[in-house]
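The values are calculated or read from the model by the stated rules, or taken from the named source; none is laboratory data. All values reported here derive from a predicted model rather than from experimental measurement. Neighbour counts are summed over all protein chains in view; Cβ atoms, including those assigned to glycine, are modelled from backbone coordinates with ideal geometry. Accessible surface areas use protein heavy atoms only, side chains included; no ligands, DNA or RNA. Shrake-Rupley method; radii C 1.70, N 1.55, O 1.52, S 1.80 Å.
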Amino acid sequence: MTSNSNSNRIALVTGAAQGIGRAIALRLAADGFDVVLNDIASQTALLDAVKAEVVAAGRRSAVFCADVSVDAEVKNMVAFAVETFGGLDVMVANAGICRARASLLDVNPAEWDQTFAVNVRGTFLCYQHAARQMILQGRGGRIIGAASGAGKQGYGMLPDYSASKFAVRGLTQAAALEFGKHGITVNTYAPGAVVTSMTSQFPTLAGMSPEAFFADQAKLAATGVNPTPEDIASVVSFLAAKESTFITGQSISADGGRYFD
Ligand code: NAD
């Protein structure tokens, strides 16, 4: 076993039932982590299927359904990871929601609040409860959030979502400053357009076929290719690794060269 082995390291991934979260969970399992899988209760069947894949990869896995916007549920989720596997080394606050709108004028305040409840409050709660546990353990840790290209450049169809992802970046920078002294790094991944259930709503709103819409998105990237969930998971794998000690407070664009910081 090398000093970089992830054996006996425990990761928790929120929104892990599908899409990018599922790919992250499977990648971390391949990297040697035991993985706690979270999503909302209605996603239990999908979560159980991801758990079976993690176990088939030779790692331990457990499911904890919780709404990341509810403080007590996030607290219990972290406690569950500790009770089940003995600690928490990596928190991936991946869960998020996005409702595309033709215009900012169509966003009602209740929808705004819901976007911020899941994307910002949910990320804050995951960061806070994970950091409390990691500080208690005294062995450092990795906290990783989901930003977006829309959190670096506002997107017209996504006003509330863009604002929420800018907020995630601000939170990540503040957390990195505070937790660095404990050996805890805090970063985000900022994907471009990944074909998932979340982005499947965009073509209709743009009045385009999915093929034409995603081909147009790909043209915005230097590589001319849209990232896959696995491409995003590879960035998370890097940020979660023990060696990535010296990267913190960053939001890493994973978009094939669409947005340059
Ligand atoms: P997705 O919609 O396919 O998956 C999101 C998952 O989060 C779902 O399983 C959903 O049930 C879960 N979730 C939603 N609300 C939750 C809550 N309150 N508590 C727990 N789980 C909840 O989305 P995705 O495309 O896989 O996106 C994953 C993350 O990456 C999101 O934060 C998203 O904003 C971000 N992102 C995605 C893209 C993209 O192009 N797909 C681009 C940039 C950023």
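Of all residue pairs spaced 6 or more apart or on separate chains, those with beta-carbon atoms under 6 Å, a first member in the stretch 56-84 that is within 14 Å of residue 29 (Cβ to Cβ) and a second member that is at pLDDT 95 or above and among the small types (Gly, Ala, Ser) are 57/29; 57/30; 59/29. Of everything in the stretch 53-69 that is assigned to a helix (DSSP H, G or I) and open to solvent by 60 Å² or more (accessible area, probe 1.4 Å), the residue that is nearest to residue 23 (Cα to Cα) is 53.
The number of residues in the stretch 219-253 that are in a helix (DSSP H, G or I) and open to solvent by 20 Å² or more (accessible area, probe 1.4 Å) comes to 9.
Set side by side, the residues 131, 117, 163, 174 differ, and just one is open to solvent by less than 10 Å² (accessible area, probe 1.4 Å) and among the small types (Gly, Ala, Ser), which is 131. Here the stretch 19-52 is the region considered, the condition is being open to solvent by less than 70 Å² (accessible area, probe 1.4 Å) and assigned to a loop (DSSP other than H, G, I, E, B), and the residue that is farthest from the ligand (Cβ to nearest atom) is 32. Looking across the stretch 1-18 at every residue that is small (Gly, Ala, Ser) and modelled with pLDDT under 95, the one that is farthest from the ligand (Cβ to nearest atom) is identified as 3. Of the residues making up the stretch 178-198, those that are within 16 Å of the ligand (Cβ to nearest atom), open to solvent by less than 40 Å² (accessible area, probe 1.4 Å) and of a type in the set (S, T, N, Q) are 187, 188, 196.
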